[in-house]
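The values are calculated or read from the model by the stated rules, or taken from the named source; none is laboratory data. These numbers were taken from a predicted model, which means no experiment stands behind them. In this analysis, Cβ positions are derived from the backbone assuming ideal geometry, glycine residues included, and neighbour counts consider all displayed protein chains. For the accessible areas, the whole protein counts, side chains as well, though only heavy atoms, and no ligand, DNA or RNA atoms are used. Shrake-Rupley method; radii C 1.70, N 1.55, O 1.52, S 1.80 Å.
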Amino acid sequence: MLIFYCCYGRAHSSVVAAALHLGWLKNTNPSLAEIMALPYFDQATARDFGRPLSVGHDSAGNEVFILGHGPAHALVERALRSAWEECGRREEEFLFVPTETCLTFWTRLGGFLSRRLGLSFPGRWLAAYGMRRSLPCLARCVTAVRSKAGLDATWHRIG
């Protein structure tokens, strides 16, 4: 299965969700420094919209991607599905997981400051703060995905 954690810019919520899925965050209450140290956190640019990035394979062999769809999420998803179906992949092999529903105001503000205005220090910190507050929501999302992908759904407990 190809699992795509999707958010607007591929810089924050999709990265943290993929990190939870792959077990990169071992602690249920990570520090801001641990979140900011995640590979790919707050690194994507507008040029990365629509470009899936493979970040690893889970224990069942599913390939995990992060994807920023920009303002055209439906179009990006349809284009990716079409391209991979042309390469012989089946519809049931794709799982697109929106992570924006878990975002807080702080992550949105931090992402804007960091990615749009280039103010990395306050932006990264605010985005990480917001992601830390979003962990319970993201953990529920990832638990559902792992269950659907045939993995242990009780892997992580937040709270």
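Cysteine residues of the chain whose Cβ has no partner cysteine Cβ closer than 4.7 Å: Cys6, Cys7, Cys87, Cys141. What are the DSSP H helices in the chain that stretch 15 Å or more along their long axis, judged by alpha-carbon atoms, and whose average Kyte-Doolittle hydropathy comes to at least -1.0? The qualifying helices are 73-86, 120-148. Packing around the peptides 109-122, 12-25, taken as the average count of other Cβ atoms within 10 Å per residue, puts them in this order, highest first: 12-25, 109-122.
For segment 56-159, the solvent-accessible area with a 1.4 angstrom probe is 56 square angstrom per residue. Per the Debye calculation on segment 1-135 with a single equal scatterer at every Cα and no solvent contribution, log₁₀ I(q)/I(0) for q = 0.09 Å⁻¹ amounts to -0.25.
For the chain, which whole-number percentage of the solvent-accessible area (1.4 Å probe, protein heavy atoms only) is attributable to carbon and sulfur atoms?
Details: 4460 of 8000 Å².
Ligands and nucleic acids excluded, carbon and sulfur give 56 percent.
For segment 27-71, the orientation-averaged shadow of the C-alpha convex hull comes to 4.4 nm² (one quarter of the hull surface). Legend: calculated FRET efficiency, Leu109 to Lys148, from the Cβ-Cβ distance at R0 = 25 Å, rounded to 0.05, equals 0.20. Taking every alpha-carbon pair under 8 Å whose residues sit at least 6 apart, segment 44-130 reaches a relative contact order of 18 percent. Can you tell which of Ala79, Ala128, Ala11 shows the greatest fluctuation in a Gaussian network model of the chain with Cα springs below 10 Å? In this elastic network of the chain, the residue with the biggest mean-square fluctuation among Ala79, Ala128, Ala11 is Ala79.
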